[in-house]
1. Could you check, for segment 249-264, whether at least one of its residues is over 28 Å from LYS6 (Cα atoms), among the aliphatic types (A, V, I, L, M) and part of a loop (DSSP other than H, G, I, E, B)?
2. Give the number of residues within segment 65-108 that are open to solvent by less than 60 Å² (accessible area, probe 1.4 Å), in a loop (DSSP other than H, G, I, E, B) and among the β-branched types (Val, Ile, Thr).
3. In segment 126-165, which residues are free of Cβ contacts under 8 Å to residues at least 12 places away in the same chain, open to solvent by 40 Å² or more (accessible area, probe 1.4 Å) and either within 27 Å of LYS236 (Cα to Cα) or part of a loop (DSSP other than H, G, I, E, B) (or both)?
4. Would you check if there is a residue in segment 46-60 being of a type in the set (Val, Ile, Thr), closer than 12 Å to ALA143 by Cα and open to solvent by less than 10 Å² (accessible area, probe 1.4 Å)?
5. Which one of these does ASP52 not meet: (1) without any contact (Cβ under 8 Å) to a residue 12 or more places away in the chain; (2) more than 23 Å from GLU278 (Cβ to Cβ)?
6. For segment 1-19, how many residues meet the condition of being touching a helix residue (DSSP H, G or I) at 6+ places or on another chain (Cβ under 6 Å), at pLDDT below 95 and surrounded by fewer than 24 Cβ atoms within 10 Å (Cβ to Cβ)?
7. Quick one: in segment 166-193, which of the residues that are assigned to a helix (DSSP H, G or I), open to solvent by 60 Å² or more (accessible area, probe 1.4 Å) and not aliphatic (A, V, I, L, M) is farthest from GLU278 (Cα to Cα)?
8. Restricting to segment 20-45, and then to whatever is under 10 Å from the mean Cα position of the chain (by Cα) and of a type outside the set (Val, Ile, Thr), can you tell me which residue is most open to solvent (accessible area, probe 1.4 Å)?
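The values are calculated or read from the model by the stated rules, or taken from the named source; none is laboratory data. Just so it is clear, the model here is predicted, and its values are computed rather than measured. Cβ sites come from the backbone with ideal geometry, for glycine too, and all protein chains shown count toward neighbours. Areas reflect the complete protein model, heavy atoms only, side chains present, ligands, DNA and RNA absent. Shrake-Rupley method; radii C 1.70, N 1.55, O 1.52, S 1.80 Å.
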Amino acid sequence: MTNVAKEKDRIAIVNGSGSSRLTGDSCTPNSIHYAYDTYALGVGTGKALIKDKLDTWYFLTADYAFGHALEADTAAVVKASGGTVVGSVRYPIDTSDHSSFLLQAQASKAKVVAVAGSGTTFINAVKSAKDYGLTDGGKQTLAGLLVWITDVDSMGLETAQGLVLTNGFYWDRDDETRAMSKRFFARMKRMPHMGDAGDYSSTMHYLRAIEAAGTDDAKAVMAKMREMPVNDFFAKNGRLRVDGRFVHDMYVYEVKKPSESKYPWDYYKLRAVIPGDEAFRPLSESKCPLVAGK
């Protein structure tokens, strides 16, 4: 889709998809990667668990482009931080039976079993891991490398408790996030996740850029979007780089125990804040051809 936007001279804003290739070798002058990417997810969760001396990892990876990118980016962070990847297995994204894959993860004796996938397959993997007792007695730690708050709501805290995750948005972070989220909840009957929040923030940034440019011409609007910082419920001093990466703080959370949750959707406790310049791949390591010197 980003290539279609380039061909048609339109702007593509990506919030749901995560592959860091969107601002790497597949970057375009017409595309923006806004809410998160696989590099940021790996940096947050990987470093947080390594810091807790959970330094041997096994990957349970969804067998498609996003899963591959998430495993690769997280594995690189684990190794750079002094950890070891002891193995990995890839599962078909349409599978509902993770038993054989989880047995391999269990047999690896890795301290961390990292689930590199999302949506229904991720939820099923976490439920199966609990059924197999992977985390009983602290034997292994389950890391969700992309966790939507709607996933946690679907699983329930009894199943999801203890998951460590990295996110760009949590509805209960501060007064601004709560105000926006309550408006969202009134219409959607659920709290917004990171993708929802990114959609809203990036759309408003796009519309403000059109207003400032006095035109909806793609090149003029992209120039204004890069020029104007974002200060809203989603990001503080967020900025758009030449490679299309929107840079903002990311957050490492842990899913609460049922006994710690005090009201509906009270699911996360903050473990760390990652400044934007540390959360996303530096331009000095970029494979984007738009970056000077590439």
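1. The answer is no, given that none of the residues of segment 249-264 is over 28 Å from LYS6 (Cα atoms), among the aliphatic types (A, V, I, L, M) and part of a loop (DSSP other than H, G, I, E, B).
2. Residues meeting the conditions: 1.
3. Listed by number, the list holds a single entry, LYS139.
4. No, that holds for no residue.
5. (2)
6. 2
7. So in segment 166-193, the residues assigned to a helix (DSSP H, G or I) come out as 175-188.
Pick out the ones that are also open to solvent by 60 Å² or more (accessible area, probe 1.4 Å) and you get 175-176, 178, 182-183, 185-188.
Filter once more, keeping what is not aliphatic (A, V, I, L, M): 175-176, 178, 182-183, 185, 187.
Numbers: ASP175: 25, GLU176: 24, ARG178: 26, LYS182: 30, ARG183: 32, PHE185: 32, ARG187: 35 Å.
Out of the qualifying residues, it is ARG187.
8. Among them, the one singled out is TYR39.
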